[in-house]
């Protein structure tokens, strides 16, 4: 087992992962988000930044995916760089890297080298294509990964192009969340057996896994392999979005019959005069009726009509509007920390809640503290 920190009596626990040490090799996209999630849950995450510019430019003090972390700068191409990272890995429970296959090995910080001194280390690898396969060595981004996994083909209107949901589906859902789940599962095994392992988290794998429900529906003939023609992809008129008279949008999810009855009534329509909703041949007529009604009033009016009911209808809010929604405000879903409005840690824990302890880590700002706390004096040596 790798050594972990102990808790002095009376010290506040940072979250359910308090005492877990994580090394993150700086990258972009899902890797930093996964490390942020571990940090939000209390892990001591040390991000190893490269000398020079941050990966995507911009102000690192505003990069919320680096919140709750500490940063050291290590030049992995300098003579002492790999040894410094391996020294951190020797004292860590988890290491996360997002290099192309083979790059970490060439830099001297691959799993064999890092786990030689720490057999219990969980070595998490985050890529788009995975560690093997024909596409493994190639570059890519979220949009290409979700396209290849089949998920992008499912999103959008039947008569329009596929619509990509920013980089939420691939990078963060299919990538970061699967990496996080994988390394935490492997950590449980390591703490039981004393043996770590490599976790190969590929965005194409995770995104494909997210479509499991629909493969089952395809098998039973309940899902058409065509965009915008099904119950949950916008083909169904009572699970769709509608434009209001002022250019706003309302989201309708009135799937169950009793919710649908409330929806139709509040919309101002007579259910007895509408065609049978269970017959897809009637969906165009229902959509036309719903479209006309929503277009007759502004979003604020429809919000007032449906709010507090079981119609399963909600206004489509912008990010800034979402942060001010009364329900999310009451729950503290969004919070202001270190001068920035941001999502609070999730999920919730009754005994060891996640915390926002530190602002985004500026590269190299914590080198001395980490060298002291982790007992890695190599971090303070001249890299040349």
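Annotations for the structure displayed:
- Comparison of 332, 351, 339, 308 shows that the only residue that is assigned by TED's automatic domain parsing to the domain that holds residue 46 and either exposed (fewer than 13 other Cβ atoms within 10 Å of the Cβ) or on the phi > 0 side of the Ramachandran plot (or both) is 351.
- Candidates 185, 166: the one that is out of contact with any strand residue (DSSP E or B) (no Cβ under 7 Å at 6 or more places or on another chain) and at positive phi is 166.
- Matching residues, the range 138-192, being part of a loop (DSSP other than H, G, I, E, B), within 14 Å of residue 202 (Cβ to Cβ) and touching a helix residue (DSSP H, G or I) at 6+ places or on another chain (Cβ under 7 Å): 149, 151
- Candidate set from the range 193-216 (those that are in a helix (DSSP H, G or I) and touching a residue at least 40 places away in the same chain (Cβ under 8 Å)); member that is farthest from residue 141 (Cα to Cα): 214
- Candidates in the range 2-54 are the residues that are modelled with pLDDT under 95 and at positive phi; of these, the one that is surrounded by the most Cβ atoms within 10 Å (Cβ to Cβ) is 29.
- Residue match in the range 152-160 (condition: crowded, with 18+ Cβ neighbours inside 10 Å and either in the same structural domain as residue 193 (by TED's automatic domain parsing) or at pLDDT below 95 (or both)): yes
- Residue list for the range 373-382, filter: out of contact with any helix residue (DSSP H, G or I) (no Cβ under 6 Å at 6 or more places or on another chain) and part of a loop (DSSP other than H, G, I, E, B): 374, 375, 381, 382
The values are calculated or read from the model by the stated rules, or taken from the named source; none is laboratory data. Predicted, not measured: the structure shown is a model, and the values here were computed from it. Positions of Cβ are generated from backbone atoms using ideal geometry, with glycine treated the same way; all protein chains shown enter the neighbour counts.
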